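The values are calculated or read from the model by the stated rules, or taken from the named source; none is laboratory data. Treat the numbers as computed from the prediction; the structure is a model and nothing was measured. Here the Cβ positions follow ideal geometry from the backbone for every residue, glycine too, while neighbour counts run over all protein chains shown. The accessibility values were calculated without ligands, DNA or RNA, using every heavy atom of the protein model including side chains. Shrake-Rupley method; radii C 1.70, N 1.55, O 1.52, S 1.80 Å.
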Amino acid sequence: NCLLPGSPDCRTDLICKGLRCFFSVPKAEVRKNAHHSFGRFGFQSPQPLREKPVSFQNSSVGRLPHLFPAQNTQSIRSFRTSPPLQAVQFPLFWILVKPIQKLFAILLGRSIRNWWKALPPNKRELLKESAKKNKWKILLGVSSLGVLFVVFYFTHLEETPITGRPRLLVFGKEHFRELSEMEYVMRMEEFENKILPETDVRYQVVEAVFDHLSESNEDIPQISALKWVIHVVDEPDVNAFVLPNGQVFVFTGLLNAVSDLHQLSFILAHEIAHAVLEHAAEKASLVHLLDFLSLIFLTMIWAICPRDSLALVGQWIQSKLKEFMFDRPYNRTLEAEADKVGLQFAAKACMDVRASSVFWQQMELAEAIQGQPRLPEWLSTHPSHENRAERLDRLIPEALKIRESCNCPSLSGPDPRLIFRLNMQHLLESSKGQESPSSTKQDLSNPKLDFPNT
């Protein structure tokens, strides 16, 4: 019963138990009527799915160990279910041209500033008077550009698959196929000596869970159309990501951090959701639009600021405002959407969706034990562990309805969230009288672990 990264023996025992659980279950038949069951949840299927066996037992989540050795908790990192570059950010041409455009905007703004400084005072006054006389023409020209921008934005709006959320999509899938292959080659070179062979038990566990998810959701066109390829990387980071071309990368640190197959299934479903919802293309489109607008403001900053030092400060302020007002909030929105859709995918695979919020509570507890500082959510590209768990708790009742509509076997055993809460209480009782950092005591003594429908 391993909740956090444990010793190698504990990890091996967990995985072996998972394999026995996975391969020893009787072939219980489950019929899924896609037209009847999934219409109200946003799933569409041209035909009912075929009958297929349930491959997982509905066992409860493993319990917290009584002790947390330092060598075991050191390997925990803030879990991020995507690589720093979010797979592929933008088309290759834009990657090459973007630095040149930024340099051009700086040189243009600086040239305008030097030209204005070099003008005699009388010519400056003449230009100012001419601008006042033609202010309506100038306003009309600026308004026309604004109208063109608005028209461009609304003509490139599309609905997100499954959720139906309107989003800007400038680049289509075809722009990302070659880049996905390039990204894949780079990743394979990076992890050349760390890819586990297919005979490794850890690879087999990931493959079995992923295949079960993809087969259970094959009525989703974006899932059935892709050829999914799994790679398990022997790295301690708690991480996993999927490239737009279906290349799946799972780190062994994640396998050490999850406590059972249900949690692993949810994390993989989250990654599948990123690919199905085309978040890479969507984010690239937003980056393209914001970069275009920032070039205009960058030119104005270098043209207006009297000195280069002030222009550099203004450029830094502009980049930070763009990052914290647009980039990071938008990325958190995409992560929350992937959580929601991934929970639905896991429910259709008859997994215990209640274990999803427990995983994030485990991650929050691990960081508290290590004494890691708790940063505000607005500083991160991902939702906080606490908010993520609370949001999943609100979504679990709907996911349980989806699971029930798929004729899945009833969930056996107590709610894993209740088990986690009881183990938290046991941990607090066993740690009384022991010295610990005040911040950790506060985090553990006031856990926000309440959840509906226990």
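Structure notes:
- With a Förster radius of 60 Å applied to the beta-carbon distance between E215 and L108, the computed FRET efficiency rounds to 0.60.
- Cross-link reach list, aspartates and glutamates versus K102, counting only Cα pairs under 12 Å and skipping chain neighbours closer than eight places: D291
- A Förster distance of 22 Å, applied to the separation of the beta-carbon atoms of E323 and M300, puts the FRET efficiency at 0.70.
- Inter-centroid distance (Cα atoms) of the range 250-310 relative to the range 175-229, Å: 21
- For the pair the range 351-370 and the range 125-167, the centres of their Cα atoms are 46 angstrom apart.
- Measuring with a 1.4 angstrom probe and ignoring ligands and nucleic acids, T155 comes out at about 90 Å² accessible.
- Counting lysine pairs in the range 173-428 whose alpha carbons fall under 22 angstrom apart, excluding pairs fewer than 8 residues apart on the same chain, gives 9.
- When each of the peptides 376-389, 269-282, 185-198 is scored by the mean number of other C-beta atoms lying within 10 Å of its residues, the order from highest to lowest reads 269-282, 376-389, 185-198.
- Theoretical FRET efficiency, 1/(1+(r/R0)^6), r = Cβ-Cβ of S380 and S130, R0 45 Å, to 0.05: 0.35
- Debye intensity ratio I(q)/I(0), log10, the range 281-345, q values 0.26, 0.28 Å⁻¹ (C-alpha model): -1.07, -1.14
- Projected label distance in nm at F292 and V151, using a 7 Å step from Cα toward the beta-carbon: 1.3
- Fraction of accessible area attributable to carbon and sulfur, the range 173-428 (%, probe 1.4 Å): 59
- D237 contributes about 60 Å² of solvent-accessible surface, heavy atoms of the protein only, 1.4 Å probe.
- Restricting the calculation to Cα atoms, the range 375-419 shows an Rg/Rh of 1.14 when the hydrodynamic-style radius is the Kirkwood one.
- Per-residue accessible area (protein heavy atoms, 1.4 Å probe) orders I369, I419 as I369, I419, starting from the largest.
- Remark: the range 173-428 is approximated by an ellipsoid whose semi-axes, taken from the C-alpha gyration tensor as √(5λ), come to 36, 24, 19 Å, largest first.
- Rolling a 1.4 Å probe across all protein chains gives R391 an accessible area of roughly 70 Å².
- Normalised per residue, the volume of the convex hull around the Cα set of the range 295-424 (Å³): 122
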